[in-house]
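**Student:** Here you go, one structure.
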Amino acid sequence: MLFGRNRKNPIAIADKKVANWTYATCGYCSTGCAIEVGKNSEGQVVASRGVASADVNRGKLCLKGMYEHELFDAAGRGEFPLIRSQIGQPFERTDWDTALDHMASEVNRIQQAYGRDAFAVVSTGQILTEEFYTLGKLTRGLLGTNNYDGNTTLCMASAVSGYKRSFGSDGPPGCYEDFEHTDCLIAWGSNLPEQHPIIYWRLKEAMEKRKFPLIVVDPRVTMLAQFADIHLPIRPGTDLVLQNALMHVIFDEGLEDADYIAANTTGIDELREEVAKWDPVTAYKVCGIDEDTIRNVARLYAQAPAAMHIWTMGINQSTHGSDGVVGLNSLSLITGNMGRPGATSLSITGQCNAMGTREWSSCSGLPGYRQLENPEHREEIARFWNVDPEFFPKKRGLAQTDIFPAIETGQIKGLWLVATNPLTSMANTPRIRKTLEKLEFLVVQDAYADMESNQYAHLYLPATVWAEREGTFTNTERRVNIVRQVVPPKAESKADLKIFNELAKRFDPEGKVHFPEQSADVFKEMGELSKGRLLDISGMDHDLIEQSRGIQWPYSAEQRDHGEAPRPGGVRLYTEQQTFCHPGGRAKLIPLPFVDNNERPDEQYPFWLNSGRLVEHFHTRTRTGKVGNNNKFSPIPFMEINPDAAAELGIKHQEYVRCVSKRGDAVVMAMTTQRVPRDMVFIPFHFYDCVNRLTLGLLDPHSRQPAFKQSSVRIETMADQIEAARINRDMRAY
Ligand SMILES: Nc1nc2c(c(=O)[nH]1)N[C@H]1C(S)=C(S)[C@@H](COP(=O)(O)OP(=O)(O)OC[C@H]3O[C@@H](n4cnc5c(=O)[nH]c(N)nc54)[C@H](O)[C@@H]3O)O[C@H]1N2
Ligand SMILES: Nc1nc2c(c(=O)[nH]1)N[C@H]1C(S)=C(S)[C@@H](COP(=O)(O)OP(=O)(O)OC[C@H]3O[C@@H](n4cnc5c(=O)[nH]c(N)nc54)[C@H](O)[C@@H]3O)O[C@H]1N2
Ligand code: SF4
Ligand SMILES: [Mo]
C-alpha cells in the first residue's frame with residue numbers, strides 16, 4: 001500500500017492473502033523453474049511465485065509459470081472416466097473399475113487376436129519421472145508390446161540419437177552455468193527468449209557481466225537473433241552444410257585441437273575427407289551464408305578459449321536432425337570444447353520432463369539408459385522386476401511416427417495415448433485423422449477431456465494435472481526437481497501413477513511384479529537401478545531434492561555417504577575425469593554427407609512454411625488456451641508474412657488468407673513482419689486444424705523425427721473476410 005496512491009507510478013500489487021506456499025517445479029518447458037504455489041487460509045490456490053534460492057531461476061518465472069496456479073480450476077478438465085462403443089456417439093460417464101476392466105479386456109482381446117505388438121502405447125514428456133518408470137514397467141514387463149514410444153519423437157529424438165552416435169550415450173553434457181564461463185556461444189534453431197525465457201535470462205545475465213559473442217543461426221529474425229552479434233539467416237534444412245563448412249575452415253586454417261582429437265576421439269580421417277568437399281564457396285550456394293561470414297564465425301568459435309553450442313527444434317526437427325546434432329558435437333570435439341566450463345554441446349530440451357522419459361520410461365529401451373539390444377541389460381532389468389528376460393524384445397519397436405502408418409496398414413489395432421494430442425501436434429492432420437478413425441480401440445489418458453484427439457477415443461481416462469500429485473521432473477541441465485502436491489485431484493480424476501498401478505493389477509492379478517504405490521518409493525527403486533550408471537541418482541530422495549532446490553545428476557549414494565553435499569549447479573559430463581560411453585571411452589567423429597530431400601518452394605507453392613511456438617502458449621493449448629493472461633496475447637491462428645511478399649500478393653496486415661499445401665489448407669490472419677524473409681511464412685503450431693494440416697513432416701532416417709519446419713505452401717487471398725474469420729475461429733479459439 002505504501003507504494004500505492006502517492007507515488008509517481010501508482011501500481012499496487014494486489015495482496016493475495018497467501019497463508020502458505022507449497023514447493024513445485026514448473027510443468028511447462030524444460031527450463032525447470034522452481035515455483036511456489038500459494039494458498040489462502042480457506043485453502044484456495046491464489047498465486048505462484050519463483051523460488052529465490054533455486055539456482056535455475058533465482059526467483060524468476062515467465063508468464064506461463066506466473067499463472068500456472070490457474071490451471072487447477074481451468075475449463076475443459078476431465079472429471080470422470082468416459083466410455084462409448086462407437087466413435088461419433090456421445091460419451092457416457094462410467095466408474096473407474098468399469099473403465100479399467102474394459103481397457104484390460106480390450107487390450108487382451110487385441111493382443112490375443114492380432115499379437116502383442118498390435119496394441120501400441122504413445123506417451124509424452126509431461127508426466128512425472130516416477131510415472132514414466134511405472135508406465136515402462138507395465139508396458140515392457142506386463143503388456144509386452146514393443147510398439148511403445150513417446151511424443152519425444154516429435155521433439156528430442158534427434159538430440160538423443162545424435163548424442164548416442166557421438167558420445168555412446170544420451171545425456172546433455174553441459175549446464176546453465178556454462179554461460180558464465182563461455183567465450184563464444186552459437187545458438188542453432190533455438191528461440192530462447194520465447195521458448196525458454198528463464199534460460200535466456202541466465203544467458204543475458206552472464207553476457208551483461210562478461211560480454212562474449214552470441215551467434216544465432218535461424219532463418220527467422222527471432223527475438224534471440226535480434227539480440228545476437230551475428231545472425232546467420234540460414235536456408236531451411238541446410239545447417240549440416242554450414243557445419244561442414246565451419247569444420248572445413250577450422251581444419252584448413254589449423255584451428256583444431258590436435259591433442260584433444262588424438263586423445264579422445266576416433267574417425268578424424270574420415271571426417272576430414274568429407275568436410276574437405278565443403279569449402280565456404282560451395283557451402284554458400286546451398287546454405288545461403290556467405291564465405292566471409294562462414295570464415296569469421298569459424299575463427300571466432302575455434303579461437304575462443306571456451307566455446308559452446310545450444311540448439312533446439314531448428315536442428316532436431318529436420319530430415320538431417322540427428323546428423324545436425326552429430327555435426328555440432330563434432331565441432332565441439334575437434335576444437336576440444338567439451339567437459340570444461342563454458343565449453344560444451346548443450347541440447348536445450350523441450351517439455352518439462354522430456355529428460356525424464358528419455359532416462360526412465362523404457363520407450364526406446366530399458367530404464368536408466370539401458371538398451372533392449374544388450375542381453376546384460378535385459379537380464380538385469382528382468383531380474384529386478386521379476387519378469388522373464390525372454391519376454392523383452394531384443395530390439396526397439398516402432399517410433400511414434402512409424403506407429404501411425406502401422407495403424408494405417410492394419411498392423412496396429414489398439415492405441416493408448418498418455419498425455420499427448422497427435423491430432424493437433426503431428427504433421428499432416430488429414431492423414432492422422434483417418435488413421436485414428438481406423439482404430440478398433442483408442443484410450444486417451446489426459447488431464448483435459450476437450451483435447452482434440454479425444455474425438456476418436458472409445459475410452460477416456462481423466463488424469464490429474466501438474467501439482468495435483470507428487471513426483472519429479474528432470475530439466476535441460478540434468479537437474480532432478482520435485483513437484484509437491486498442492487491440491488487434491490479434481491473431481492474423480494486420478495494421478496497417472498495411480499492409473500498405471502490400477503492397470504497393473506489387472507494384468508498381473510497375483511502381484512508377481514511389484515508396483516510401489518507411493519511416488520517416493522518408486523523414486524527409491526529408480527535410485528537402485530541408477531547405481532554406477534551415467535545418470536546415477538542414488539544419492540537423491542524427494543526431501544533432499546526439495547531442500548537442495550533440485551539436484552543435477554550424477555549424484556550417487558557414495559557421494560552422499562562421503563558427506564559430499566549436492567552442488568547448486570555446474571555439474572558436467574565428459575570432463576577430464578570421465579571418458580565417453582563408446583567402448584574404448586572415445587567419442588566418434590562421423591562424416592556427414594548432405595542429402596537434399598526437403599520439399600522446397602516451387603512455382604505452385606512458392607513459400608517455405610516454417611512453424612514453431614509463441615511465448616504465451618504451450619503446445620496444443622489445452623492449458624494456456626484456458627488461462628486468460630496467456631490466451632489474450634494470441635487467441636486466434638495467424639501467420640507471419642514479410643510485408644513485401646504481402647504487398648505483392650495484395651494482402652493487407654491483419655487480413656485473413658488461405659494457406660495451401662499439397663496436404664490441405666488453413667485459414668489464418670496475415671501479420672506482416674520483417675521477422676520472416678520474403679520467401680517464408682511462419683505459423684505457430686498451437687492451433688487445432690491449422691499448420692499441421694499443411695505440413696509434410698518427412699522423417700529423419702536415424703531418429704524418425706519429422707521435419708516440421710520445412711514444407712512449402714502458396715497463399716490465397718479471401719474475398720469474403722467474414723466467412724474467413726468464421727473458419728479461422730473454428731480452428732479452436734477457446
Ligand atoms: N512458450 C513456449 N515454450 C516452449 C514450448 C511451447 O509450446 N511454448 N514448447 C517446449 C518444447 S516441447 C520445445 S521442443 C521447445 C522448442 O523451442 P524452440 O526450438 O526454440 O522453438 P521453435 O519455435 O519450435 O523453433 C525454433 C526456431 O527454429 C527455427 N528454424 C526453422 N527452420 C530452421 C532451420 O532449418 N535451421 C535452423 N537453424 N533453424 C530453423 C525457427 O525459425 C524457430 O525460430 O520449446 C519449449 N518451450
Ligand atoms: N508443426 C509443428 N508441429 C509440432 C511442433 C512444431 O514445432 N511444429 N513441435 C512438436 C513438438 S517439439 C512437440 S513436444 C509436440 C507436442 O505435442 P503434444 O504432446 O501432442 O502436445 P501437448 O498439447 O503438450 O499435449 C500434451 C497433452 O497432455 C495433457 N496433459 C498435461 N498434463 C498432463 C498430466 O499430468 N497427465 C496426463 N495424463 N495428461 C496431461 C495435455 O492436456 C495435452 O492434451 O508437438 C510437435 N508438433
Ligand atoms: S521458463 Fe519454462 S519452466 Fe520457467 S516458468 Fe517459464 S515455462 Fe515454466
Ligand atoms: Mo518438444
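The values are calculated or read from the model by the stated rules, or taken from the named source; none is laboratory data. Please read all numbers here as calculations on a predicted model, not as lab measurements. Cβ atoms come from the backbone with ideal geometry, glycine included; neighbour counts cover every protein chain shown.
**Student:** Suppose we keep only residues that are within 19 Å of the chain's Cα centre (by Cα) and away from ligand 3 (no atom under 16 Å from the Cβ) within segment 603-634. Which one would you say is nearest to Trp466 (Cα to Cα)?
**Tutor:** Checked segment 603-634; the qualifying residue nearest to Trp466 (Cα to Cα) is Ser611.
**Student:** Still on this structure: Considering only residues that are more than 16 Å from ligand 3 (Cβ to nearest atom), out of contact with any strand residue (DSSP E or B) (no Cβ under 7 Å at 6 or more places or on another chain) and either part of a loop (DSSP other than H, G, I, E, B) or not assigned by TED's automatic domain parsing to the domain that holds Pro389 (or both), which ones fall in segment 340-363?
**Tutor:** Answer for segment 340-363, where residues must be more than 16 Å from ligand 3 (Cβ to nearest atom), out of contact with any strand residue (DSSP E or B) (no Cβ under 7 Å at 6 or more places or on another chain) and either part of a loop (DSSP other than H, G, I, E, B) or not assigned by TED's automatic domain parsing to the domain that holds Pro389 (or both): Arg340, Pro341, Ser362.
**Student:** Name every residue in segment 592-617 that is among the hydrophobic types (A, V, I, L, M, F, W, C) and outside any loop (DSSP other than H, G, I, E, B), in order of residue number.
**Tutor:** Phe607, Trp608, Leu609
**Student:** Looking at (1) part of a loop (DSSP other than H, G, I, E, B); (2) within 27 Å of the chain's Cα centre (by Cα); (3) under 29 Å from Phe132 (Cβ atoms), which is the only condition Asn337 fails?
**Tutor:** Going through (1) part of a loop (DSSP other than H, G, I, E, B); (2) within 27 Å of the chain's Cα centre (by Cα); (3) under 29 Å from Phe132 (Cβ atoms) one by one, Asn337 breaks only (3).
**Student:** Quick one: which residue in Thr579, Thr620, Thr575 is part of a loop (DSSP other than H, G, I, E, B), among the hydroxyl-bearing types (Ser, Thr, Tyr) and in contact with a helix residue (DSSP H, G or I) (Cβ under 6 Å, 6 or more places away or on another chain)?
**Tutor:** The conditions single out Thr620.
**Student:** Let me ask something additional. List the helices (runs of 4 or more DSSP H) inside segment 220-275, counting only whole elements, that have at least 3 residues being within 12 Å of ligand 1 (Cβ to nearest atom).
**Tutor:** Qualifying helices (runs of 4 or more DSSP H): 223-226, 239-252.
**Student:** Sticking with this structure for a sec: Considering only residues that are of a type in the set (Asp, Glu) and assigned to a loop (DSSP other than H, G, I, E, B), look in segment 372-428 and name the one that is nearest to ligand 1 (Cβ to nearest atom).
**Tutor:** Of everything passing the filter in segment 372-428, Glu373 is nearest to ligand 1 (Cβ to nearest atom).
**Student:** Still on this structure: Just the residues that are crowded, with 19+ Cβ neighbours inside 10 Å, within 16 Å of ligand 3 (Cβ to nearest atom) and either closer than 16 Å to Arg623 by Cβ or of a type in the set (Ser, Thr, Tyr) (or both), please, taken from segment 29-65.
**Tutor:** Cys29, Ser30, Thr31, Cys33, Ile35, Val37, Ser48, Leu61, Cys62, Lys64, Gly65
**Student:** Can you confirm whether Leu192 is within 16 Å of ligand 4 (Cβ to nearest atom) and within 20 Å of the chain's Cα centre (by Cα)?
**Tutor:** Yes, satisfied.
**Student:** On to the next question. Cβ contacts < 7 Å: first residue within 16 Å of ligand 4 (Cβ to nearest atom), restricted to segment 56-71; second residue modelled with pLDDT of 95 or more and in a loop (DSSP other than H, G, I, E, B), any location; separation 6+ or different chain. Result?
**Tutor:** Lys64/Tyr28; Lys64/Phe618
**Student:** To continue, here is another question. If you take just the helices (runs of 4 or more DSSP H) that sit entirely in segment 148-210, which of them hold at least 2 residues that are modelled with pLDDT of 95 or more and within 15 Å of ligand 2 (Cβ to nearest atom)?
**Tutor:** 157-167, 192-195
**Student:** Go through (1) under 24 Å from the mean Cα position of the chain (by Cα); (2) more than 16 Å from ligand 3 (Cβ to nearest atom); (3) under 23 Å from Thr22 (Cα atoms) and name the single condition Asp446 misses.
**Tutor:** Evaluating Asp446 over (1) under 24 Å from the mean Cα position of the chain (by Cα); (2) more than 16 Å from ligand 3 (Cβ to nearest atom); (3) under 23 Å from Thr22 (Cα atoms) leaves (3) as the failure.
**Student:** How many of the residues making up segment 112-136 are more than 9 Å from ligand 2 (Cβ to nearest atom), part of a helix (DSSP H, G or I) and buried (at least 24 other Cβ atoms within 10 Å of the Cβ)?
**Tutor:** Looking only at that region, the number is 7.
**Student:** For the subset of segment 689-708 comprising residues that are assigned to a loop (DSSP other than H, G, I, E, B) and touching a helix residue (DSSP H, G or I) at 6+ places or on another chain (Cβ under 7 Å), which member is nearest to ligand 1 (Cβ to nearest atom)?
**Tutor:** The selected residue is Gln705.
**Student:** Okay, next question. Looking at segment 233-247, is at least one residue within 16 Å of ligand 2 (Cβ to nearest atom), β-branched (Val, Ile, Thr) and touching a residue at least 24 places away in the same chain (Cβ under 8 Å)?
**Tutor:** no
**Student:** Among the listed residues Pro643, Pro637, identify the single one that is surrounded by 22 or more Cβ atoms within 10 Å (Cβ to Cβ), in the same structural domain as Pro677 (by TED's automatic domain parsing) and away from ligand 3 (no atom under 16 Å from the Cβ).
**Tutor:** Sole residue among the options that is surrounded by 22 or more Cβ atoms within 10 Å (Cβ to Cβ), in the same structural domain as Pro677 (by TED's automatic domain parsing) and away from ligand 3 (no atom under 16 Å from the Cβ): Pro637.
**Student:** Out of the residues in segment 156-177 that are touching a helix residue (DSSP H, G or I) at 6+ places or on another chain (Cβ under 6 Å) and within 16 Å of ligand 3 (Cβ to nearest atom), which is farthest from Tyr200 (Cα to Cα)?
**Tutor:** If we take residues in segment 156-177 being touching a helix residue (DSSP H, G or I) at 6+ places or on another chain (Cβ under 6 Å) and within 16 Å of ligand 3 (Cβ to nearest atom), then Met156 is farthest from Tyr200 (Cα to Cα).
**Student:** Right, something else. Within segment 110-130, identify whether any single residue is out of contact with any Ser or Thr (no Cβ under 9 Å at 6 or more places or on another chain) and of a type in the set (Val, Ile, Thr), and answer yes or no.
**Tutor:** So far as segment 110-130 goes, yes, one or more of its residues are out of contact with any Ser or Thr (no Cβ under 9 Å at 6 or more places or on another chain) and of a type in the set (Val, Ile, Thr).
**Student:** Is it true that some residue in segment 167-176 is within 16 Å of ligand 4 (Cβ to nearest atom), touching a residue at least 12 places away in the same chain (Cβ under 8 Å) and either buried (at least 24 other Cβ atoms within 10 Å of the Cβ) or under 20 Å from Gln578 (Cβ atoms) (or both)?
**Tutor:** yes
**Student:** Look through segment 306-334, keep the residues that are over 19 Å from the mean Cα position of the chain (by Cα) and of a type in the set (A, V, I, L, M, F, W, C), and return whichever of them is nearest to ligand 4 (Cβ to nearest atom).
**Tutor:** Looking at the filtered set, the residue picked out is Met308.
**Student:** Could you say which residue among Thr424, Thr429 is within 24 Å of Asn353 (Cβ to Cβ) and of a type in the set (Ser, Thr, Tyr)?
**Tutor:** Unique residue meeting the criteria: Thr424.
**Student:** Something else about it: Does Thr349 fit the bill of being of a type in the set (Val, Ile, Thr) and within 15 Å of ligand 2 (Cβ to nearest atom)?
**Tutor:** Answer is yes for this residue.
**Student:** Scanning segment 663-697 for residues that are of a type in the set (Ser, Thr, Tyr) and over 22 Å from Pro405 (Cα atoms), which turns out surrounded by the fewest Cβ atoms within 10 Å (Cβ to Cβ)?
**Tutor:** Thr673
**Student:** Answer yes or no as to whether His309 is more than 16 Å from ligand 2 (Cβ to nearest atom), at pLDDT 95 or above and more than 17 Å from Ile186 (Cβ to Cβ).
**Tutor:** no
**Student:** So, one more: Could you identify the single residue in Asp218, Asp239, Asp279 that is at pLDDT 95 or above, closer than 18 Å to Pro593 by Cβ, of a type outside the set (A, V, I, L, M) and crowded, with 21+ Cβ neighbours inside 10 Å?
**Tutor:** Result of the check over Asp218, Asp239, Asp279: Asp239.
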